[in-house]
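Undergrad: Structure in structure tokens, see below.
Each value in this text was obtained by applying a stated rule to the coordinates, not by laboratory testing. None of these values were measured; they are calculated from a predicted model. Note that each Cβ is placed from the backbone with ideal geometry, even for glycine, and that neighbours are counted across all protein chains shown.
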Amino acid sequence: MKDLSASRVLIVDDAKTNIDILVQALRDEYKLSVAVDGAAALRSIEKSPPDLVLLDIVMPGIDGYEVCRRLRADESTRELPVMFLSSLEDVKDKTRGFEVGGNDYLTKPFEVLEVKARVRSLLKAKAYADAVREAMARDLRIAREIQMGILPADLAALTRGTGLDVHAVIEPAREVGGDLYEVLRVSDDRIVVALGDVSGKGIPAALFMAVVLTVLRTLARRIPEPDEILMRLNDELAEQNPRGMFVTLQCLVFDLAQGRVSCAGAGHHQLAIVSRGRPPRLACPSSGRPAGLMAFNPVERETLSLEPDDTFVLFSDGVSEAMNTAEDFYGEERLLAALAAGGSASDIVKRVLADVGDFTAGAKQSDDITVLAVRYAPRRAD
């Protein structure tokens with residue numbers, strides 16, 4: 001936990017006498033900064049956030065209430081402790097101080113010993129809360145490393161010699177998330193590709209994602225067709241699912257010997273296909289419910305011929321439902337337009353992510369974003 005002597009306290013007051021008293025009382029125990037009005041206080045906090053703000057209320061320009069309200073409205077300063085030091089002693093004034101987000105309220109004239117005790121109490125509480133947040137952040141970083149480690153790592157090695165060019169990227173909305181993908185080579189000429197989106201976010205979704213991926217990987221090695229894989233996966237998940245979580249999935253099985261790909265979906269939206277001489281299009285609509293909700297989930301498969309340069313793009317709804325600052329959705333039409341230029345699997349994934357990023361610039365990411373592209377580029381005979 002942080003040494004309290006390293007804490008910095010910002011004193012905000014337009015009266016020099018009050019500032020002098022507080023500086024004299026606190027200078028030997030903490031680092032101090034001073035602002036003589038609300039505007040100066042906000043500039044100082046934006047430049048270098050303190051550990052505590054001692055805030056007068058009646059000041060020229062922006063008063064203390066408004067300063068506190070703005071601090072609470074900004075995510076970066078929402079948890080910054082604020083103690084009001086004011087000559088306003090009416091109950092309604094104190095009540096307003098707490099309503100705008102103040103942590104404590106002390107009326108003037110104040111006793112120095114009481115100020116010091118309350119300052120120390122607020123700083124100790126902040127130091128403890130910071131330590132807890134840092135520990136949680138460290139655990140989440142480790143959880144993310146573990147989660148990313150579950151995903152297939154070297155896609156080029158997995159597909160070497162197959163004529164398939166595969167690239168995938170996951171961008172979780174939080175440190176960990178519920179999106180997943182799989183690329184599994186079950187034989188020399190048979191590749192299973194899947195992308196899924198687990199319900200919820202955070203740690204629960206990440207744990208369920210790990211379960212889904214483990215079961216999916218096991219089933220895909222034994223079951224030849226994508227619809228059968230998804231139906232069996234559904235039954236396995238539904239059998240022991242106390243939280244009622246679910247996952248939407250799109251699953252493809254590439255049969256390179258036969259020159260075809262079979263696809264099936266469980267509650268997931270369509271994938272996109274880019275073919276030579278044709279505009280990008282949506283294909284393979286889902287025929288089943290999300291997996292894990294209940295036993296018996298009838299899923300149908302669709303089989304397509306593979307042509308050179310065909311590219312299959314799977315994505316989570318974090319792409320199509322990404323929102324900009326006006327709360328407009330990115331949508332599938334924009335996605336198809338971004339795919340029109342074609343290119344390698346890596347080019348396509350990077351272009352889609354860049355296009356989504358440009359569209360949502362300034363808006364907070366609300367959902368995990370996952371894109372996986374598979375391009376069929378067999379070697380031509382000499």
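Undergrad: For the stretch 193-296, state which chymotrypsin sites (Phe, Trp or Tyr not before Pro) are in a DSSP loop and have at most 15 other beta carbons lying within 10 Å of their beta carbon.
TA: Filter output for the stretch 193-296: Phe296.
Undergrad: What number, rounded to the nearest 500 deg cm²/dmol, is the helix-based mean residue ellipticity at 222 nm of the chain, given -39500 (n - 2.57) per DSSP H run of at least four residues and division by all its residues?
TA: Only helices count here, giving -12500 deg cm²/dmol.
Undergrad: When the Kirkwood hydrodynamic radius is evaluated over all pairs of different C-alpha atoms of the stretch 192-250, what value in angstrom, to one decimal, is obtained?
TA: 11.7
Undergrad: Provide, in order from the shortest bin, the percent of all Cα-Cα pairs of the stretch 82-123 in each 5 Å bin, continuing until the bin that contains the maximum pair distance.
TA: Spelled out bin by bin, the stretch 82-123 gives 6, 24, 32, 24, 13, 1 percent.
Undergrad: List the residues, sorted by chain then number, that are 5 or more residues from Glu300 or on another chain and whose placed amide H is less than 5 Å from its amide H.
TA: Gly265, Ser287, Gly288
Undergrad: Another one. Only loop residues by DSSP count here, and only those with at most 14 other Cβ atoms within 10 Å; note down the trypsin sites (Lys or Arg not before Pro) in the stretch 192-277 that meet that.
TA: Sites meeting the loop and neighbour criteria: Arg243, Arg276.
Undergrad: Pop out the ³J(HN,Hα) list for the stretch 271-286 in order, Karplus 6.51 cos²θ - 1.76 cosθ + 1.60 with θ = phi - 60°, rounded to Hz; leave Gly and Pro as x.
TA: 9, 10, 10, 10, 10, 4, x, 9, x, x, 9, 8, 8, 6, x, 5
Undergrad: Shifting gears a bit: Given q = 0.13, 0.17, 0.31 Å⁻¹, what are the Debye log10 I(q)/I(0) values for the stretch 1-47, with equal point scatterers placed on the Cα positions and solvent ignored?
TA: The Debye formula, applied to the Cα set alone, gives -0.31, -0.51, -1.09.
Undergrad: How far apart, in nanometres, would the label points at Leu282 and Glu99 be if each is projected 7 angstrom from Cα along the Cα-to-Cβ direction?
TA: Inter-label distance under the simple model: 4.8 nm.
Undergrad: Continuing with this model, one more query. Any idea what the alpha-carbon Rg over 2.2 N^0.38 Å comes to for the chain?
TA: This ratio for the chain stands at 1.35.
Undergrad: Here is a further query. Could you pull out every one of the lysines with an alpha carbon less than 22 Å from that of Lys350, ignoring same-chain neighbours closer than 8 positions?
TA: Reachable lysines: Lys364.
Undergrad: Here is a follow-up. Check Gln270: other-chain or 5+ apart residues with amide H under 5 Å from its amide H, H built from backbone geometry?
TA: Ser286
Undergrad: Right, next: Hey, rough spin-label estimate for Ala129 and Arg27, points 7 angstrom out along Cα→Cβ, what's it come to in nanometres?
TA: 3.0
Undergrad: Could you work out the relative contact order of the stretch 69-129? I mean the mean sequence separation of Cα pairs under 8 Å and 6+ apart, divided by the number of residues, in percent.
TA: Reported relative contact order: 32 percent.
Undergrad: Restricting to lysines 8 or more places apart or on different chains, can you count the pairs in the stretch 63-210 with Cα atoms under 24 Å from each other?
TA: Final tally of qualifying lysine pairs is 9.
Undergrad: Can you list, largest first and rounded to whole Å, the semi-axes you get for the stretch 7-93 by taking the square root of 5 times each eigenvalue of its Cα gyration tensor?
TA: 18, 17, 12
Undergrad: Let me ask something else. Please report the projected area of the stretch 279-382's Cα convex hull averaged over all directions, in nm².
TA: One quarter of the hull surface, i.e. the mean projection, equals 8.8 nm².
Undergrad: In whole Hz and in residue order, list the ³J(HN,Hα) couplings for the stretch 359-365 that follow from phi through the Karplus curve 6.51 cos²θ - 1.76 cosθ + 1.60, θ = phi - 60°; x for Gly and Pro.
TA: Rounded to whole hertz, the list is 5, 9, 3, x, 9, 6, 5.
Undergrad: Given the options Gly357, Leu336, Ser305, identify the residue whose Cα lies farthest towards the positive end of the charge dipole of the stretch 298-358 (+1 on Cβ of Lys, Arg; -1 on Cβ of Asp, Glu).
TA: Checked the options; the winner is Gly357.
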